[in-house]
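Here is the structure we will look at.
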């Protein structure tokens, strides 16, 4: 008889669960929540949504991913890879745009699961994934220049336009805002360097608030937070919306699928589990996050995907079971309720500093240093993906990067056929 695998929720038994594991799950969930607080607020602001919506994503999706997902310690939430897709949807249709694209992309993830495409999605070349990450990192930095320097210039436009406008108007910077932002970046960078197990973004914000209070630096604050679960998203859907939303939602689903499955592999490797990913494992992860994001979209929260920083921090601090995911969501809700008065006074420039610091981390400096030694195809795919993220959009960038390998394969086939000896007719 074929072996029947247990359901995800059956892989954890309270009888075999020890007090030591419980303490590790609580600690891991707590540290992951501390990392999520400034990061989620910053990502939602970058998308054009209320800051707390970036945290509601984790609260709404973590329990579902914990119950249905394959990787018990993979922590999900609002990610940098989703920013260009959701920000464009919000710019076009307001907050309802985020709900629509999240719902449609979640449905695409479930379709990928049913069609068992998980193992194929992981075949996207690594230089394309790395180039996409670098492009998103550069986009995050450029998009925050106006806030980092307190410039009184309009936002929006292409990345090149935003960079040029910020550069031209740089002499008009607000030095107090700039000091707060760069104190956050310095605090996060130093804590990440010397305290790898600590929540670097949170320590960077604490440093900025402390120095701001000491020297009298001021900037606009986050303000009052909504402490209740958001209502179901209220929006209308027309045929035109469907035609406009499906291409972007498909791009979001593909990009996040690659990111999700690669992150899951990295976390498993970090835990010391080096076995190859089963085809069913990849499909299960996509299905779990598809259902979770369908739920998030119904409440207007942005898309959720596996977050490497939170997941690895969870493992480092002792998280080992699905309870750590529940603890992660619980601590975020605790911070939003009991600690809401502290969160309300975080300067906007400090959140911009967190976003910029995360952007620097995504630039993948090791790949840039290896660029002269890379194969020409890999280098071209990497650079084309980075450039197209900034100039075109995120969905097309992945397609353009993969097209380099398709053209290389086609060229190889053509040259192989030309070099093949012609058949000599027999007399």
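The values are calculated or read from the model by the stated rules, or taken from the named source; none is laboratory data. None of the values given here were measured: they were computed from a predicted structure. We place every Cβ from the backbone using ideal geometry, glycine too, and count neighbours over all the protein chains shown.
Side notes on the structure shown:
- Restricting region 205-224 to residues that are part of a loop (DSSP other than H, G, I, E, B) and surrounded by fewer than 18 Cβ atoms within 10 Å (Cβ to Cβ), the residue that is modelled with the highest pLDDT: 216
- Residues satisfying the stated conditions in region 339-373, i.e. within 17 Å of residue 202 (Cα to Cα) and free of Cβ contacts under 8 Å to residues at least 12 places away in the same chain: 339, 341, 342
- All conditions in (1) in contact with a helix residue (DSSP H, G or I) (Cβ under 7 Å, 6 or more places away or on another chain); (2) at pLDDT below 90 hold for residue 196, with the sole exception of (1).
- Scanning region 140-181 for residues being touching a residue at least 40 places away in the same chain (Cβ under 8 Å), touching a helix residue (DSSP H, G or I) at 6+ places or on another chain (Cβ under 6 Å) and under 25 Å from residue 364 (Cβ atoms) gives a total of 8.
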